[in-house]
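These notes concern the structure reproduced below.
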Amino acid sequence: MNSERNIAVVGLGYVGLPLAVALSKNFPVIGYDRDSQRIAQLREGFDRTNELERQTLEAASIRYSDDSAELTNADIFIVAVPTPVDASNQPDLTALSGATELVGGVVRKGSIVVFESTVYPGVTEDICGPILERVSGLKCGTDILLGYSPERINPGDTVHTVDKIVKIVAGQTTEVAQLLAEIYGSMNGEKIFVAKDIKTAEAAKVIENAQRDINIAFMNEIAQIFGRLDISVYDVLEAANTKWNFLPFTPGLVGGHCIGVDPYYLAHAAKTAGFDPTVLLSGRAINDAMAEYVADRISENLESGSTILVLGLAFKENVPDLRNSKVGDLVARLQTNGHTVFVHDPLVDATEALSEYGIKLCDDLPNNVDCVVGCVAHTAYHDLKFANVLNEGGLIADLKGVWRGAEAMKDFRYWTL
Ligand SMILES: NC(=O)c1ccc[n+]([C@@H]2O[C@H](COP(=O)([O-])OP(=O)(O)OC[C@H]3O[C@@H](n4cnc5c(N)ncnc54)[C@H](O)[C@@H]3O)[C@@H](O)[C@H]2O)c1
């Protein structure tokens with residue numbers, strides 16, 4: 001099987017790159033991205049997403065290219081491009097359609113096109129399939145065969161990597177599903193689940209993330225209830241988590257490319273089918289409003305015109321990923337509430353922070369601020385020396401509860417959810 005299949009991975013981001021590297025152990029792989037800078041960096045062994053070490057990249061035999069003409073030798077195409085929402089929270093399929101058109105220009109009879117991007121049920125067969133047919137002049141289901149295999153990795157998670165987790169695969173025919181099971185199985189010790197069909201696999205992925213969003217929304221709601229009752233949600237969770245079937249979620253800001261986005265894809269599919277998805281959208285509303293809630297609670301504990309240091313801008317801990325970070329909303333609200341805000345994050349790219357959020361990151365931690373807000377629990381912040389940054393009587397606002405019970409909390413005022 002190995003020598004017969006040439007695989008092209010289209011889109012080399014958080015998902016596409018680790019996948020290309022894992023597949024390249026058993027197959028000839030060409031990695032295509034339209035971002036020439038990304039291709040140049042990968043050729044030099046540098047992954048700006050921090051997912052792969054230089055050593056791993058240099059050891060992988062992948063042909064990187066930003067020229068679609070080089071894809072003509074491939075017979076299996078795996079598409080892993082972004083699927084965000086637009087300003088009205090509607091699915092934005094621009095990148096997916098663009099990548100599908102590009103693949104349509106290079107497929108031939110017998111090609112297999114697999115999508116890894118997260119979508120709502122029906123996108124692969126009802127949107128991508130017709131694009132491939134239009135551009136190639138070939139017929140899906142006979143000339144070209146479609147597949148879907150959702151990606152489940154988390155940015156920054158070094159345990160659940162693509163070569164260790166169960167992969168769902170689905171194909172337009174049983175034969176394609178079986179072939180994909182063999183291909184993906186060769187990179188992850190055959191941990192494969194063959195879904196009933198493509199729509200089922202698309203639906204499974206989107207509910208995995210929607211389920212997390214709703215569970216976090218419940219945590220955010222109870223955090224707000226308990227805040228009014230003067231109880232810390234973290235103290236409550238510590239107690240409740242001792243029950244065997246209590247689900248271990250925590251409150252917080254829901255950003256990133258997946259959990260805060262995918263429920264809108266499912267909501268779109270629901271509405272198109274004439275159903276109003278109240279639970280999904282209430283969860284989204286609660287999570288989207290959490291940054292403002294936190295900023296307002298912090299402001300209640302401060303004089304107007306205070307100086308505040310916000311720690312962390314990435315959407316989650318220990319990653320440089322800024323996409324859809326809700327810390328931007330929190331900073332904006334603190335500024336609207338009349339404070340001067342400094343933002344620090346050693347992991348994110350300062351140019352990207354400025355262009356995406358208009359936030360100029362500070363290189364070093366300032367001193368003598370009135371409040372430190374722990375927003376993102378980067379490991380680097382766990383042992384912060386508060387006396388170096390906070391004024392006497394200053395406020396520590398600990399959104400993630402990482403400093404609860406720490407010795408230093410006795411010397412300052414402390415707020416958490
Ligand atoms: N980030 C995650 O951990 C994660 C996990 C599971 C699923 N997903 C899903 O996987 C998909 C990809 O996400 P990601 O995080 O890897 O995105 P990303 O932004 O990190 O990477 C996407 C890459 O695709 C490239 N690209 C964009 N349009 C292109 C086009 N038309 N042709 C070729 N390349 C193009 C971009 O330059 C970029 O390098 C999304 O649907 C996402 O929801 C992501």
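Some notes on this structure:
- Here the condition is being at pLDDT below 95 and more than 24 Å from the chain's Cα centre (by Cα); of Arg5, Arg43, Arg63, it holds for Arg5 alone.
- Selected residue (criterion: surrounded by the most Cβ atoms within 10 Å (Cβ to Cβ)) from residues of region 205-244 that are more than 26 Å from Tyr414 (Cβ to Cβ) and more than 27 Å from the chain's Cα centre (by Cα): Lys243
- For Asp92, the stated conditions hold: it is charged (D, E, K, R), within 12 Å of the ligand (Cβ to nearest atom) and either within 24 Å of the chain's Cα centre (by Cα) or crowded, with 17+ Cβ neighbours inside 10 Å (or both).
- Being under 25 Å from Leu146 (Cβ atoms), of a type in the set (A, V, I, L, M, F, W, C) and more than 14 Å from the ligand (Cβ to nearest atom) is a condition met by at least one residue of region 104-112.
- Ala201 vs. criteria touching a Gly at 6+ places or on another chain (Cβ under 8 Å) and within 16 Å of the ligand (Cβ to nearest atom): no
- In region 54-75, the condition of being within 11 Å of the ligand (Cβ to nearest atom) and among the charged types (D, E, K, R) is met by at least one residue.
So that you can scan it fast, the table gives a plain yes or no per residue for (1) surrounded by 14 or more Cβ atoms within 10 Å (Cβ to Cβ); (2) within 20 Å of Ser111 (Cα to Cα); (3) in contact with a Ser or Thr (Cβ under 9 Å, 6 or more places away or on another chain):
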{"residue": "Thr49", "(1), (2), (3)": "yes, no, no"}
{"residue": "Glu53", "(1), (2), (3)": "no, no, no"}
{"residue": "Leu57", "(1), (2), (3)": "yes, no, no"}
{"residue": "Ala60", "(1), (2), (3)": "yes, no, yes"}
{"residue": "Ala69", "(1), (2), (3)": "no, yes, no"}
{"residue": "Val79", "(1), (2), (3)": "yes, yes, yes"}
{"residue": "Val85", "(1), (2), (3)": "yes, no, no"}
{"residue": "Ser88", "(1), (2), (3)": "no, no, no"}
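- Sole residue being farther than 28 Å from Tyr264 by Cα, of a type in the set (A, V, I, L, M, F, W, C), at pLDDT 95 or above and within 22 Å of the chain's Cα centre (by Cα), chosen from Val279, Val310: Val310
- The condition (being at positive phi and modelled with pLDDT of 95 or more) is satisfied by just one residue among Gly227, Gly256, Gly274: Gly274.
- Asp329 being at pLDDT 95 or above and either closer than 20 Å to Ala380 by Cβ or charged (D, E, K, R) (or both): yes
- Matching residues, region 347-385, being closer than 25 Å to Trp415 by Cα, among the charged types (D, E, K, R) and without any contact (Cβ under 8 Å) to a residue 24 or more places away in the chain: Asp364, Asp383, Lys385
- Pairs, first outside the structural domain of Ala177 (by TED's automatic domain parsing) and within 15 Å of the ligand (Cβ to nearest atom) in region 137-151, second of a type outside the set (S, T, N, Q) and part of a loop (DSSP other than H, G, I, E, B), C-beta under 8 Å, six or more apart: none
- Per-region count, region 1-19, residues of a type in the set (A, V, I, L, M, F, W, C) and more than 11 Å from the ligand (Cβ to nearest atom): 2
- The combined condition, being buried (at least 21 other Cβ atoms within 10 Å of the Cβ), in contact (Cβ under 8 Å) with a residue 24 or more places away in the chain and of a type in the set (Asp, Glu), is fulfilled by Glu202.
- So Asn245, is it more than 16 Å from the ligand (Cβ to nearest atom), over 22 Å from Val15 (Cβ atoms) and not in a loop (DSSP other than H, G, I, E, B): no
The values are calculated or read from the model by the stated rules, or taken from the named source; none is laboratory data. Keep in mind the model is a prediction, meaning the values are calculated, not measured. Neighbour counts are summed over all protein chains in view; Cβ atoms, including those assigned to glycine, are modelled from backbone coordinates with ideal geometry.
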